[in-house]
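What follows is calculated from the coordinates using simple rules that are stated; it is not laboratory data. Predicted, not measured: the structure shown is a model, and the values here were computed from it. Here the Cβ positions follow ideal geometry from the backbone for every residue, glycine too, while neighbour counts run over all protein chains shown.
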Amino acid sequence: MRSFFLGNDIMTIHNRLITYIGILAIALTPFAAQALDAPALYHERTCIACHGANGREPVMDEYPKLAGQPEQYLLTQMKDIKSGSRSNAHSMAMKNVMHLISDEEMSVLAEWLAKLPE
């Protein structure tokens, strides 16, 4: 009986290649780039607690509506609050949450919020 790894005819090489690709695909499936679910992130990261449902209904007048704002503006504000370069009474409350949000999540949230109707 020949070893699976020792055959060298074209069909054997082809079959091994297909097998390797299949094994690799199965092995990497959990790590494949998965689209982050922006609405779920919005709830999980507690954005909804202050900015309201879908960023349209803040719980206080002082908090901004996020829906429909330009994507780059939203992303810049989140990054500035996280880094501390934007600091005021309202951003201090957000700073406590922003350390939980990755740059990738910020991008996903900014893109989603920008596409929502105001």
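Short-range pairs are left out: with C-alpha atoms under 8 Å and at least six residues apart, the relative contact order of segment 38-115 is 37 percent. Straight-line cross-link partners of LYS115 among the lysines, defined as a Cα under 17 Å from its Cα and at least 8 positions apart when in the same chain: LYS65. Dimensions of segment 38-115 along the principal axes, based on C-alpha atoms and rounded to the nearest Å, stand at 28, 26, 22, largest first.
Placing unit charges on the Cβ atoms only, positive for Lys and Arg and negative for Asp and Glu, gives segment 38-115 a dipole magnitude near 120 debye about its Cα centre.
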